[in-house]
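Nothing in this text is a laboratory measurement; each read-out follows from the coordinates by a stated rule. Treat the numbers as computed from the prediction; the structure is a model and nothing was measured. For neighbour counting, all protein chains shown are included, and Cβ atoms are generated from backbone atoms with ideal geometry for every residue, glycine included.
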Amino acid sequence: MNKTNSIPNSYVEAKRLIQEAKKDDQLVLFVGAGVSINSGMPSWKDAVEQIGNLLGISEIDNSDYLKIPQYYYNSHGKQAYNSLMRKIFKDGIKLPVSDIHRKILRFNPRTIITTNYDDLIERASEEHGEIRQTISQDIDIPYRKYNKELIKMHGDFIHDNFVLKEEDYLNYSNNFKLIENYIKSIIGSKVLLFIGYSFNDPDLKQIFNWVKNIVGEDMRISYLINADSEYDENEEQYYKKLGIQIIYASRLNQNSNVSTNISNNLNNVLDYLLGSSNNLDLVDNIYTELKEYDEFAYLTIKYLNNILSKYSLYISNNLFLCANPDNRRL
């Protein structure tokens with residue numbers, strides 16, 4: 001990564017504001033398909049191309065991303081469609097949790113909202129001993145009881161309510177009334193960080209449409225990590241008017257060019273945003289995470305180490321606080 005003095009001032013300030021929101025429990029993460037690519041999941045583009053190939057469609061414009069799945073559904077029916085989507089999105093296959101998923105949890109967000117269908121965030125949470133409730137259908141909203149939540153705003157395969165084809169997007173407000181209203185209330189009151197989205201994703205267009213309608217003078221700015229394209233000033237200004245600051249991986253890259261490896265780009269930006277400027281930041285971050293357990297009568301070393309491991313620390317069997325620079329499993 002480049003030297004600090006070559007990083008745009010707006011990115012330095014974005015990092016400060018994101019870390020401040022993190023500390024104040026005001027940060028909400030939106031997680032898209034790019035986060036799971038390194039674990040073996042397809043991007044939106046790859047998934048649609050696979051469907052298009054089966055329909056004999058070789059050239060696909062990004063405006064067709066919702067139409068292609070709809071074409072397949074219309075031609076082959078619900079059973080064949082559901083079966084193919086489960087295959088393409090690797091339903092039932094235990095994919096590996098990546099460093100990106102682990103770094104997402106280091107932001108310690110109370111709320112994570114994802115348009116993905118996989119269970120990688122759930123498993124990353126379990127790996128770190130974190131209790132995070134999953135909400136993937138309207139009926140889950142009244143039964144929220146845990147401090148931390150994962151909102152699967154586009155459903156999942158477990159409940160057979162996944163949103164993918166054009167018809168699903170058109171009927172979204174009817175099928176996910178409570179979830180939509182809940183997310184809109186979050187958009188208007190929190191700092192948002194979008195991770196793993198491409199500007200071609202219909203998911204992003206849907207969410208940005210909500211942001212655009214809710215934006216007001218007092219709304220906090222949102223942030224989006226662009227990990228798959230070069231810096232574009234016109235694009236930057238366009239989204240700035242929507243209240244969204246883009247953080248381009250290419251502008252944090254030593255060669256000022258974006259890598260073709262989206263996962264590497266995401267990792268680089270997340271490392272930058274999570275980087276602590278001093279030891280007080282580290283202590284504050286650990287303290288914020290431990291506050292979740294302040295009503296517990298006791299806490300075992302295992303759960304303490306699940307938290308400390310995120311910061312390359314651990315408590316030994318003889319109760320010493322030790323460094324764990326290689327982040328070994330304990």
Quick calc, Ile158 & Asp232: beta-carbon distance into FRET formula, R0 30 Å, rounding 0.05, result 0.20
Sequence order, the range 121-133: Karplus ³J(HN,Hα) from phi using 6.51 cos²θ - 1.76 cosθ + 1.60, θ = phi - 60°, Hz rounded, Gly and Pro as x, gives 5, 4, 6, 5, 5, 4, 4, 9, x, 9, 8, 9, 7
Any residue on another chain or 5+ positions along whose placed amide H is under 5 Å from the amide H of Asn226 is listed here as Ile247, Tyr248, Ala249
Gln133 and Tyr298 label points (each 7 Å along its Cα→Cβ direction) are spaced in nm at 2.8
With Cα coordinates, the longest principal axis of the chain makes an angle with the long axis of helix 44-54, in degrees rounded to 10, of 30
From the cross-link list Lys15/Lys152; Lys152/Lys212; Lys90/Lys145; Lys145/Lys302; Lys148/Lys205; Lys148/Lys241, the entries with a Cα-Cα span beyond 28 Å are Lys90/Lys145; Lys148/Lys241
Taking Cα atoms only, helix 279-290 is inclined relative to the longest principal axis of the chain by an angle, in degrees rounded to 10, of 70
Helix 177-187 sits off the longest principal axis of the Cα atoms of the chain, rounded to the nearest 10 on a 0 to 90 degree scale, by 50
